[in-house]
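For reference, the structure I am asking about is given below.
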Amino acid sequence: MSLFQRVIFFSGLICLSQTEAAWAQLEFEGPPIEYSKAAPVDPVSQLQAKIDAGSVELQFEEKGGYLASVLEQLEIPQSSQMLVFSKTSLQLRRISPQRPRAIYFNDESYIGWVQGGDVIEISTVDPQLGAVFYSLSVDEDPKPTFLRDQGQCITCHATSRTEGVPGHLMRSVFADRTGQPHYGSGTYSTTQSSPFEKRWGGWYVTGKHGDLRHMGNLISQKNDRLQDLDCEVGANLDSLNNLVSTDPYLQPTSDIVPLLVLAHQLEMHNLLTRGNFEARSATHYDGVMNRALERDEDYVSDSTTRRVSSIGDKILRCLLFADEVPLTSPVQGISTYEEDFEALGIRDQEGRSLRDFDLESRMFKYPCSYLIYSAAFDDLPVMMKKYVSENLQTILKGDPSQDEFKNLSVTDRKNIYKILQETKPGLLEASPSEELSGTK
């Protein structure tokens with residue numbers, strides 16, 4: 001085989017373009033990712049190992065079956081409960097405005113429970129594989145087993161809506177009185193940059209949000225558009241009593257604060273997975289081409305550098321909330337979620353944490369994602385983590401008038417910098433006492 005033929009062969013084998021135009025073509029079932037073949041090391045697989053070893057027993061209860069026990073074992077607060085009444089998930093036939101699906105989550109895992117459902121739905125984040133999906137039978141069993149999905153879930157959970165990798169998405173739809181979406185009216189993916197008025201269609205929402213309006217708590221008519229909805233009806237609800245019975249659920253709320261947090265977290269996790277896959281795939285491609293072209297095995301192509309910087313910049317923008325839609329009214333939940341979430345914060349000597357809420361003009365007091373402490377961030381490939389860390393330091397030491405992160409004042413940058421210096425050693429190189437540049 002000639003050198004030219006070898007290059008063509010290997011290029012076809014990897015099936016990856018050397019340009020950013022390959023954004024939607026990333027292959028994760030083949031080397032080096034091998035998504036379906038690889039053994040996960042996520043929180044659910046670790047819990048299953050403890051169940052198999054007999055060191056953990058899930059408790060079955062009349063209300064919710066294994067639900068409360070699963071939440072306890074995965075350290076997911078019940079206060080994170082959100083209720084979705086649109087038929088937009090696996091057990092859609094059992095979901096309606098009268099029987100919404102409950103979702104619970106923490107930094108790594110997401111649990112879905114449906115009244116009268118066949119399974120509890122679980123997805124969790126593996127630091128090397130991204131979202132991994134499981135189900136747990138609702139029937140009582142001497143040794144409950146989490147079954148890993150065999151490909152059905154990634155039909156919807158590995159598309160352009162999830163950055164092209166196994167991930168999660170939050171959708172806002174126009175749902176009718178049965179919960180069926182009017183797809184002809186359009187749907188919206190919800191991220192931290194989504195306008196408030198396009199969020200939470202098909203979801204119940206409790207809590208105060210002043211003059212802000214959303215699509216939650218509303219039943220739409222066929223051919224409705226955004227301007228047709230009477231958003232006043234669903235605004236600032238302290239209770240869902242007039243809309244749905246919450247007796248079958250663990251909590252009486254579907255709180256606005258976890259809804260806000262979820263939008264950020266899903267986007268951040270998807271980007272971290274994309275960053276992981278992109279760097280590993282690019283490095284793998286370089287290895288194949290370096291052997292084919294008899295180059296040094298450590299040679300890094302310009303294409304790889306561009307691919308890393310492209311997704312690295314997206315990670316930084318989400319990490320630092322660059323595109324977050326400002327809150328034009330204060331937000332206040334009615335559950336204990338705020339306290340439960342903040343209690344997990346890693347704090348500096350002044351008691352500050354990246355989990356401290358603001359909820360007046362923005363979500364967090366110190367706008368740098370708490371997922372910077374996650375395994376998904378820590379396990380980023382070296383070149384991706386180096387790119388993000390070095391540029392993060394440059395941004396935090398920079399002048400707001402000189403970069404694109406206008407949401408971060410000099411004070412914000414100093415605070416985040418010092419919090420990270422004390423709570424995540426080794427991430428930033430400079431001394432925490434080093435003076436940062438810029439003006440307020």
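Of the residues that sit in region 40-60 and are touching a residue at least 60 places away in the same chain (Cβ under 8 Å) and surrounded by fewer than 16 Cβ atoms within 10 Å (Cβ to Cβ), which one is nearest to Ile122 (Cα to Cα)?
Taking region 40-60 first, the residues touching a residue at least 60 places away in the same chain (Cβ under 8 Å) are 40-45, 47-48, 51-52, 58, 60.
Narrowing the set further to residues that are surrounded by fewer than 16 Cβ atoms within 10 Å (Cβ to Cβ) leaves 41, 52.
Numbers: Val41: 15, Asp52: 18 Å.
That would be Val41.
Any idea how many residues of region 130-180 are touching a helix residue (DSSP H, G or I) at 6+ places or on another chain (Cβ under 9 Å), over 23 Å from Val41 (Cβ atoms) and among the hydroxyl-bearing types (Ser, Thr, Tyr)?
Qualifying residue count, region 130-180: 1.
With respect to Glu27, is the statement that it is over 20 Å from the mean Cα position of the chain (by Cα), in contact (Cβ under 8 Å) with a residue 24 or more places away in the chain and not in a strand (DSSP E or B) true? Explain how you work it out, then say what you get.
On the way: over 20 Å from the mean Cα position of the chain (by Cα): yes; in contact (Cβ under 8 Å) with a residue 24 or more places away in the chain: yes; not in a strand (DSSP E or B): yes.
Yes.
Residues Leu354, Leu271: which one is touching a helix residue (DSSP H, G or I) at 6+ places or on another chain (Cβ under 6 Å), of a type in the set (A, V, I, L, M), outside any helix (DSSP H, G or I) and touching a residue at least 60 places away in the same chain (Cβ under 8 Å)? Give the steps one after another, and end with the answer.
Working: Leu271 fails: outside any helix (DSSP H, G or I).
Every option except Leu354 fails the conditions.
Take region 393-411 and flag every residue that is in a loop (DSSP other than H, G, I, E, B) and among the β-branched types (Val, Ile, Thr).
Residues of region 393-411 in a loop (DSSP other than H, G, I, E, B): 397-399, 403-409.
Residues satisfying the conditions do not exist here.
Do we find that Gln180 is surrounded by fewer than 19 Cβ atoms within 10 Å (Cβ to Cβ) and under 25 Å from Glu121 (Cβ atoms) in this structure? Steps first, please.
On the way: surrounded by fewer than 19 Cβ atoms within 10 Å (Cβ to Cβ): yes; under 25 Å from Glu121 (Cβ atoms): yes.
Criteria met by Gln180.
A further question follows. Taking into account only those residues within region 128-156 that are farther than 19 Å from Lys87 by Cα and out of contact with any strand residue (DSSP E or B) (no Cβ under 9 Å at 6 or more places or on another chain), which is surrounded by the fewest Cβ atoms within 10 Å (Cβ to Cβ)?
Result: Pro142.
Of these, Thr159, Thr187, which one is without any contact (Cβ under 8 Å) to a residue 24 or more places away in the chain, touching a strand residue (DSSP E or B) at 6+ places or on another chain (Cβ under 6 Å) and not aliphatic (A, V, I, L, M)? Spell out the reasoning first.
On the way: Thr159 fails: touching a strand residue (DSSP E or B) at 6+ places or on another chain (Cβ under 6 Å).
Step by step, each of Thr159, Thr187 is checked, and only Thr187 is without any contact (Cβ under 8 Å) to a residue 24 or more places away in the chain, touching a strand residue (DSSP E or B) at 6+ places or on another chain (Cβ under 6 Å) and not aliphatic (A, V, I, L, M).
For region 190-215, give me the residue count where each residue is touching a residue at least 24 places away in the same chain (Cβ under 8 Å) and under 24 Å from Arg99 (Cα atoms). Quick ask: steps written out before the conclusion?
First pass over region 190-215, keeping only residues touching a residue at least 24 places away in the same chain (Cβ under 8 Å): 190-212, 215.
Filter once more, keeping what is under 24 Å from Arg99 (Cα atoms): 190, 198-208, 215.
Qualifying residue count for the region: 13.
Which residues, taken from region 187-216, are within 19 Å of Gln332 (Cα to Cα) and touching a Pro at 6+ places or on another chain (Cβ under 7 Å)?
Selection gives Tyr204, Gly210.
Read-outs: derived from the displayed coordinates by stated rules, not from any lab. What you see is a predicted model, and the numbers here were worked out from it, not measured in a lab. Virtual Cβ from ideal backbone geometry, glycine too; neighbours counted across all protein chains shown.
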